[in-house]
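The values are calculated or read from the model by the stated rules, or taken from the named source; none is laboratory data. Computed from a predicted structure; not experimentally measured. All Cβ positions, glycine included, derive from the backbone under ideal geometry; neighbour counts span all protein chains shown.
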Amino acid sequence: MTIPFSRLSDDDLATCVHCGLCLDACPTFRVTGLETESPRGRIYLMTQWKRGTLPFDEEQVKHIDLCLGCRTCEGVCPSGVPYGRIIEAGRADVEDQRRPSLKRAASRAALRQLVGHPGRLRAAGVATRAAQKLRLTSVARSGRMLPQLGAPFRAPAGGVAPAAGERKHRVAFLVGCVMPIMYPQSHHAAVRLLQLAGCEVWFPQGERCCGALFAHNGDIEGAERLRDANTRMYQAASFDALIVDSAGCGAHLKDFYPELKGRVKDLTEWLAQVGLPEPKREVRVRVTYQDACHLAHAQKIKKEPRDLIRTLPGVEWVEMRHAEICCGAAGLYSTLEPDMSNRILREKLDDVLATRADVLAVANPGCQMQLEAGLRKRGSTMKVEHVSEVLARGY
């Protein structure tokens with residue numbers, strides 16, 4: 001029998017001194033003003049559950065559910081509270097205690113039976129493309145949020161894309177689960193940039209979902225199974241770095257895959273390190289950038305994507321107000337908690353539209369889908385592109 005709240009670490013919980021500096025950084029506190037919807041409030045609640053000084057209450061669990069897991073609080077915390085680790089462990093503990101619900105059971109089944117199996121996910125992509133052509137996806141909110149799907153990303157024959165010119169590095173590339181189906185153009189641009197940077201790009205056969213969505217939603221066991229399968233594959237090969245162009249996946253790999261320590265690199269982190277050739281074309285567009293939470297706050301990468309974009313000749317750069325605040329996507333959050341997600345998105349769209357940019361650059365597929373859908377609803381023609389697509393404009 002599982003000991004209640006045994007995954008939560010007393011040492012981690014004790015790092016919080018309840019100073020409150022995280023409050024205004026937290027998106028759910030910003031829109032509600034409620035202590036219970038802040039990192040400090042949630043840590044207090046989980047601490048009391050673990051100590052047994054507060055009875056576990058199904059109503060109180062809603063405060064844990066409403067956390068985006070964006071980790072914005074980590075960026076402003078003077079005590080170094082590992083909030084990402086705390087909320088993932090807390091959610092796993094909560095799932096052991098709470099009453100089953102149809103919505104959460106369906107989301108876990110979708111992760112384990114669909115997202116964790118690349119072949120099934122590709123088949124679902126084919127079915128979704130067909131449904132979009134028949135205009136059947138406009139019925140459900142989740143369907144309306146989807147981008148128009150095209151041909152999915154596929155690794156080149158032989159599983160290797162050669163460097164353009166002299167080979168300086170050999171890198172592995174995380175194709176992932178959802179991104180090759182929803183945003184194949186981001187992968188195509190990323191791989192091309194890596195080639196231009198002198199990288200031979202290897203695509204591991206048999207690679208599966210990294211497990212980020214599982215861990216973020218309290219399924220630690222599911223995430224561990226995927227980690228074990230992927231780790232065996234990565235350890236059987238030689239490469240300089242594992243390149244990731246999805247911020248949530250990159251943060252999870254850095255935190256959850258100790259065998260890859262130091263070799264997981266975000267695309268922008270790696271390109272800033274190894275360098276790109278001079279761009280060949282002028283990019284005459286006005287560009288702003290939205291910080292992906294798991295890139296800015298979990299991986300502490302803010303400067304690199306901005307610097308890379310600003311080096312493009314002809315680009316007009318405009319910094320967004322509150323660029324570091326979550327857009328409300330947060331993986332499955334926009335599906336599981338649509339009301340709060342929309343409240344956060346409304347504030348974000350005000351900041352996005354105030355830039356009057358032609359292109360909004362992002363570094364995570366969930367952010368891209370959320371912001372595209374929100375801008376469409378507002379009637380805006382602003383394009384949302386992955387950083388890799390914006391950079392590829394220069395080549």
Name the single residue, out of those in segment 363-395 being under 26 Å from Asp307 (Cβ atoms) and of a type in the set (Gly, Ala, Ser), that is surrounded by the most Cβ atoms within 10 Å (Cβ to Cβ). Ala363
Just to verify a result, which residue in segment 344-389, among those that are in a helix (DSSP H, G or I) and among the small types (Gly, Ala, Ser), is nearest to Ile301 (Cα to Cα)? Ser388
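Just a yes or no: is a residue in segment 15-22 outside the structural domain of Leu332 (by TED's automatic domain parsing) and crowded, with 21+ Cβ neighbours inside 10 Å?
Checking segment 15-22: at least one residue is outside the structural domain of Leu332 (by TED's automatic domain parsing) and crowded, with 21+ Cβ neighbours inside 10 Å.
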All conditions in (1) touching a residue at least 24 places away in the same chain (Cβ under 8 Å); (2) surrounded by 21 or more Cβ atoms within 10 Å (Cβ to Cβ) are true of Val264 except (1)
Count of residues meeting criterion [crowded, with 20+ Cβ neighbours inside 10 Å and either in a helix (DSSP H, G or I) or among the polar types (S, T, N, Q) (or both)] in segment 270-303: 11
Within segment 60-100, restricting to residues that are closer than 17 Å to His216 by Cβ and hydroxyl-bearing (Ser, Thr, Tyr), the one that is farthest from the chain's Cα centre (by Cα) is Tyr83
Can you tell me which residue in segment 343-362 is farthest from Glu304 (Cα to Cα), limited to those that are touching a residue at least 40 places away in the same chain (Cβ under 8 Å) and either in contact with a Gly (Cβ under 9 Å, 6 or more places away or on another chain) or not assigned by TED's automatic domain parsing to the domain that holds Cys326 (or both)? Arg343
Segment 190-216, subset crowded, with 24+ Cβ neighbours inside 10 Å and small (Gly, Ala, Ser), residue nearest to the chain's Cα centre (by Cα): Ala212
If only one of Ala164, Ala229, Ala237 is in contact (Cβ under 8 Å) with a residue 12 or more places away in the chain, over 20 Å from the mean Cα position of the chain (by Cα), part of a helix (DSSP H, G or I) and over 24 Å from Cys367 (Cβ atoms), which one is it? Ala229
So which helices (runs of 4 or more DSSP H) stay within segment 21-126 end to end and still have 3 or more residues that are touching a helix residue (DSSP H, G or I) at 6+ places or on another chain (Cβ under 7 Å) and touching a residue at least 60 places away in the same chain (Cβ under 8 Å)? 27-32, 72-76, 83-97
Test result for Val31, within 16 Å of Ser79 (Cα to Cα), of a type outside the set (D, E, K, R) and surrounded by fewer than 19 Cβ atoms within 10 Å (Cβ to Cβ): no
